[in-house]
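The next block holds one structure in the form of structure tokens; read it before the comments.
The values are calculated or read from the model by the stated rules, or taken from the named source; none is laboratory data. Everything numeric here is computed off the predicted structure, so don't read it as measured data. Cβ coordinates were reconstructed from backbone atoms using ideal geometry, including for glycine residues, and neighbour counts include every protein chain displayed.
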Amino acid sequence: MYSFDLKIIHFFRKISMPVARFGLFVVFFWFGILKVFGLSPATPLVQALFEHTISFMPFSTFIILFGLFECLIGILFIFKGYERIVIPLLFIHMITTFMPLLLLPSETWQAFMVPTLEGQYIIKNLVIIATAIGIAAHLHPFRHHSGN
């Protein structure tokens, strides 16, 4: 039993990073491309948040740019070496994604601590954050060069 356990653990360690990267790619690229083509079920929530915050451009332009931003995040997660670029972009995205929980409570909460479907959609992003932290935890530190 111990040997089997070790093999399973080794297998999951071997595939964990590629699976995490691919999962983030799929979620961000898919949801982003839906916004670009005007097919996202999240568009009404995004538009409501947009109207409460940054209405300095037409929403039709913003939703396409936002969708492309999500696609970029997805693409960057696929390629090793871009983690230090994509993880900050992801956290910027997550800040904006969590805003409706505070700014649009009637759309994200049914009652105290009871999220609507949209609220659940937002809260599940904690799993995305945890996955990104896991990827970041496996980065190699920059090498320290003494300034002589």
Of Phe66, Phe50, the only residue that is assigned to a helix (DSSP H, G or I) and within 29 Å of Leu139 (Cα to Cα) is Phe66
Here the residues within the range 79-100 that are of a type in the set (A, V, I, L, M) and more than 13 Å from the chain's Cα centre (by Cα) are Ile85, Met99
- Item | Residue match in the range 65-77 (condition: within 20 Å of the chain's Cα centre (by Cα), surrounded by fewer than 15 Cβ atoms within 10 Å (Cβ to Cβ) and at pLDDT 95 or above) | yes
Apart from one, (1) surrounded by fewer than 18 Cβ atoms within 10 Å (Cβ to Cβ); (2) at pLDDT below 95 all hold for Val46; the odd one out is (1)
Practice item. Test Leu101 against the criterion of being in a helix (DSSP H, G or I) and either closer than 16 Å to Gln47 by Cα or acidic (Asp, Glu) (or both), and give yes or no. Key: yes
Ala132 vs (1) within 21 Å of Gly38 (Cα to Cα); (2) assigned to a helix (DSSP H, G or I); (3) of a type in the set (Gly, Ala, Ser): all pass except (1)
In the range 106-122, anything surrounded by 12 or more Cβ atoms within 10 Å (Cβ to Cβ) and part of a helix (DSSP H, G or I) is listed as Glu107, Thr108, Glu118, Gly119, Tyr121, Ile122
Selection from the range 81-97 of residues touching a residue at least 24 places away in the same chain (Cβ under 8 Å) and farther than 20 Å from Lys124 by Cβ yields Glu83, Arg84
**Asked** Does Ile135 satisfy the criteria of being surrounded by 11 or more Cβ atoms within 10 Å (Cβ to Cβ) and either touching a Leu at 6+ places or on another chain (Cβ under 7 Å) or in contact (Cβ under 8 Å) with a residue 60 or more places away in the chain (or both)?
**Response** yes
